[in-house]
Ligand SMILES: *Cc1c(COP(=O)(O)O)cnc(C)c1O
């Protein structure tokens, strides 16, 4: 219900038990053809489901629960976060339009813009996450894309200020909100028009599903739905089921990811091998003020800038870790560590030494710290 707290919404919303013999969570629907009872039903076209690609109860339950949490007029699900990013941009930008993209965006977002969108006549330029965007807006700017905190460097953005300037220009605000999830930050409440989520990460939550969605306000719902349909995008019943299943426990998992993430970040901050920590939820971080103003929590993903160290010692540290897997993605139940290769178009990111990205999983925090401690011994000697 609309007045409920987010923790209640993620448990309660999107259920269809009455239509499914009382089953609490909507079961997996695998369907292409949906049958109509007669010709009159085809003509009336009022059936809730018409064809597998256009949605089933599995997709609808997931999308309804997300719309409620995001405060969205409509949500559409797709097969990955990057597909959601592409869809959101294509919903607002056409050939000849300009897209203003934050320079701390997820790397594949940059590639999508610089390579494929360019082929279709969408021109992208970049702005630093803390820039006043007014100077970057062009007569043909149709969209400003935000990601806060940004990938790898975790720089925060003033979303409300960006939304104000963008709307005064008549353009749309798109935001990749994967880090906070709609539990800790709800973009549409801060002026964002299209809220994007790689549900592969915390919403799936178990490193076993690829899923994305775009949630739109009233003004953008029609174009989003249309573009999603025209491109033939959809997410399978199995994947939406896993997304919905993950969503039900998002609040308890995130609370633990947050606690462990902060504990690891604070512990690493006190180590002589570490130059600095990139985590907006830590007092003293350049983004802490904005994080505190706008966000209700932090997730388990943060960066560590090491002091200069040889590649061999860095490898001895990382390769020998027992509880941190080396791999991309994050948001699952397990801890991960990966080197961060930071690319910038407008202002280089200055790092004292190698940058690592850590995902704090649901393991015992003492075990994780002991593992890192042994690792840093290997790094030193
Ligand atoms: C992982 C990620 C994506 C892409 O999600 P996929 O499901 O892997 O396509 C987008 N944005 C951010 C910030 C991410 O971390």
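You will find that of 327, 375, 353, 332, the residue that is in contact (Cβ under 8 Å) with a residue 40 or more places away in the chain, more than 30 Å from residue 136 (Cα to Cα) and within 16 Å of the ligand (Cβ to nearest atom) is 332 and no other.
Inclusion of residue 319 among residues that are more than 16 Å from the ligand (Cβ to nearest atom) and over 23 Å from residue 378 (Cα atoms) is not warranted. Restricted to the range 284-381, the set of helices (runs of 4 or more DSSP H) holding at least 1 residues that are in contact with a helix residue (DSSP H, G or I) (Cβ under 6 Å, 6 or more places away or on another chain) and either surrounded by fewer than 18 Cβ atoms within 10 Å (Cβ to Cβ) or in the same structural domain as residue 159 (by TED's automatic domain parsing) (or both) comprises 311-319, 365-380. The residues of the range 114-168 that are assigned to a helix (DSSP H, G or I) and under 20 Å from the mean Cα position of the chain (by Cα), listed by number, are 159, 160, 162, 163. Restricting the range 151-163 to residues that are crowded, with 24+ Cβ neighbours inside 10 Å and within 24 Å of residue 90 (Cα to Cα) leaves a set whose member that is nearest to the ligand (Cβ to nearest atom) is 157. Consider the range 169-202 and keep the residues that are assigned to a loop (DSSP other than H, G, I, E, B) and more than 16 Å from residue 330 (Cβ to Cβ). The one that is nearest to the ligand (Cβ to nearest atom) is 185. Of the residues in the range 42-53, not one is without any contact (Cβ under 8 Å) to a residue 60 or more places away in the chain, within 24 Å of the chain's Cα centre (by Cα), under 19 Å from residue 221 (Cα atoms) and outside any helix (DSSP H, G or I). One residue alone among 117, 90 is more than 12 Å from the ligand (Cβ to nearest atom), closer than 30 Å to residue 58 by Cα, surrounded by fewer than 24 Cβ atoms within 10 Å (Cβ to Cβ) and not assigned by TED's automatic domain parsing to the domain that holds residue 330, and that residue is 90. Residues in the range 17-32 include none that are exposed (fewer than 13 other Cβ atoms within 10 Å of the Cβ), assigned to a strand (DSSP E or B) and in contact with a strand residue (DSSP E or B) (Cβ under 9 Å, 6 or more places away or on another chain).
Checking each residue in the range 267-278 for being in contact with a strand residue (DSSP E or B) (Cβ under 8 Å, 6 or more places away or on another chain) and assigned to a helix (DSSP H, G or I) picks out 268, 269. Within the range 184-209, residues that are on the phi > 0 side of the Ramachandran plot sit with their Cβ atoms under 8 Å from residues that are in a loop (DSSP other than H, G, I, E, B) and within 12 Å of the ligand (Cβ to nearest atom), at 6+ positions apart or across chains, in these pairs: 205/331; 205/332; 207/329; 207/331; 207/332. Tallying residues that are surrounded by fewer than 19 Cβ atoms within 10 Å (Cβ to Cβ) and either within 13 Å of the ligand (Cβ to nearest atom) or not in a helix (DSSP H, G or I) (or both) within the range 211-242 yields 2.
Evaluating residue 106 against the criteria (1) over 23 Å from residue 70 (Cα atoms); (2) surrounded by fewer than 22 Cβ atoms within 10 Å (Cβ to Cβ) leaves one unmet condition, (1).
Considering the conditions (1) within 16 Å of the ligand (Cβ to nearest atom); (2) surrounded by fewer than 22 Cβ atoms within 10 Å (Cβ to Cβ), residue 71 is excluded by exactly one of them, (1).
The values are calculated or read from the model by the stated rules, or taken from the named source; none is laboratory data. Note that the structure is a prediction, hence the values are computed from the model and not measured. No Cβ is skipped: glycine too gets one built from the backbone with ideal geometry, and neighbour counts run over all protein chains shown.
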